[in-house]
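Structure first, then comments.
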Amino acid sequence: MPQFAAAELVNELPSNLFGVLEKMAAAIDTRNKPLIDLSSGSPRQPAPAAIIAELQEAVGRPENHEYPSFWGKPQVRQAIADFYQRQYGVTLDPDTEIAVFHGSHIGITGVPRALVNPGQYIIATDPCFPTFRNVAKQAQAQFWGIPVNAENDFVPDFDSVPEEVARNAGLLVLNYPHNPTGALATPELFADALAWAQRYQLPVLNDFAYAAIGASEGGAPISLLAQPGGKEWGVETYTLSKTFNMAGWRFGFAVGNASIIQALKKLHTHSYSTVFGAVQDAATAALNLADSDIDPHLAVYPRRRTLVEQRLAQLGWPVRRGQGSFFLWLEVPPGFTSQQLTEHLLQQAHVLVVPGTGFGPGGEGYIRISLTASDAELGEAFDRIAALKLFR
């Protein structure tokens, strides 16, 4: 059979970080010691019953068996507008300031492709979610990562960006709550970002995937769009995967500046498909739920974070407090690199974590673990890790 070469652009893309981890895990003999996956960013709880019931009913509606509109159903766009007004006090025009799509991955790759010209810079943080770095290649753009570390509380210093990079930038990308470090945005951070973006006439994208998961129960993270000038200069992508445990349902949206939304919608009509109507109906039901229907599902993460932090303290493993999202960003023990510790935990304890370097050079010296595993799995994982005596 003939072998055809991939396009140069595709060859330049690195292997997907989580695909690499999946292959590493598949090579482990788990017959006597099951694998415990602490790498996953997918919630392992079911969606609330009301959302499931709506999907089951919506599947039978004849109109949901036709091609849906690229723009999304009017009722789901109105539900998004109502949700943002209720949660963040942000007023949105459902027709011009909202775009819906298959999961927020479409948004965080689509916005850069819709706005950035070849040769321009996409500016994000280092470390960052790998997609931000890789979409620069897809857009034939350049990437600049602003170093974030423990010394600066994992908050970027925008003035550290070289002038020639800033003047040739096409987009500033933020991701707070921050993946992988768990850093939380403050009004000061967003104010600095917006002031810097205005200086260079840059649009701002905030990936708000962990919008509902702060450092403590009830401590909701803040929205870029709720800040002065946020909607004028930026857009925010949101996913139902984390807030509503709908990871497999693939529903996300972008909200904010109408010109950015217009460009994204135009790209969408040429590049992506539409969202199944029944999923849109279920998303409408989700967005209309009361906080009291959602909070019990979200409360599990701060509780697990406290339990894991207690186990880490028993091991003598230092951890930075006050992290958001459902991950923990941990320094590796002395004598290990990020990759070495990842391989050691996998080989010796059958525990899969993510090496910090998977998120960029700035991630060296760290690993990321997930709190989506069950209480029992987390307990067993740390029993196994304790037996390795990493901190003697």
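The values are calculated or read from the model by the stated rules, or taken from the named source; none is laboratory data. Values in this document were obtained by computation on a predicted structure and should not be read as measured data. A quick note on method: Cβ atoms are made from the backbone with ideal geometry, for glycine too, and the neighbour counts reach across all protein chains shown. The area values use the complete protein model at the heavy-atom level, side chains included, leaving out ligands, DNA and RNA. Shrake-Rupley method; radii C 1.70, N 1.55, O 1.52, S 1.80 Å.
Some points to look at:
- Phi-derived couplings, Karplus 6.51 cos²θ - 1.76 cosθ + 1.60 at θ = phi - 60°, listed residue by residue for the stretch 32-38: 9, 9, x, 6, 10, 8, 10 Hz, with x used for Gly and Pro.
- Loop-resident chymotrypsin sites (Phe, Trp or Tyr not before Pro) (DSSP state other than H, G, I, E or B) in the stretch 87-181 with no more than 13 further Cβ atoms inside 10 Å of their Cβ are absent.
- Per residue accessible area of the stretch 338-378, 1.4 Å probe, in Å²: 29
- Distance between the stretch 65-113 and the stretch 305-333 - C-alpha centres, whole angstrom: 35
- Once C-alpha pairs closer than 8 Å and six or more residues apart are averaged by separation and normalised to the residue number of the chain, the relative contact order reads 24 percent.
- The stretch 298-327: trypsin sites (Lys or Arg not before Pro) in DSSP loop, at most 13 other beta carbons within 10 Å: Arg321
- Selection from His344, Ser370, Phe154 lying farthest towards where the dipole of the chain points positive, charges on Cβ: His344
- Peptides 264-270, 333-339, 25-31 ordered by average Cβ neighbours within 10 Å, highest first: 264-270, 333-339, 25-31
- Expected 222 nm ellipticity per residue - DSSP helices of 4 or more, -39500 (n - 2.57), all of the chain, to 500: -11500 deg cm²/dmol
- Using equal-weight Cα scatterers in the Debye expression, the normalised intensity of the stretch 98-231 in log10 at q = 0.09, 0.14, 0.20, 0.22 Å⁻¹ is -0.24, -0.59, -1.28, -1.55.
- GluC sites (Glu not before Pro) within the stretch 36-140: DSSP coil, no more than 16 neighbouring Cβ in 10 Å: Glu66
- Prolate/oblate/rounded label for the stretch 140-181 (Cα gyration tensor, a/c 1.5): oblate
- Listed options for Cα extents along the principal axes in Å are (i) 74, 57, 51; (ii) 67, 40, 34; (iii) 59, 58, 55. The value calculated from this structure is the one marked (iii).
- Taking the DSSP beta bridges with both ends in the chain, the antiparallel portion is around 45 percent.
- Beta bridges by DSSP in the stretch 103-258, antiparallel share as percent, to the nearest 5: 25
- Computed magnitude of the charge dipole of the chain (debye, nearest 20; Cβ of K, R +1, Cβ of D, E -1): 620
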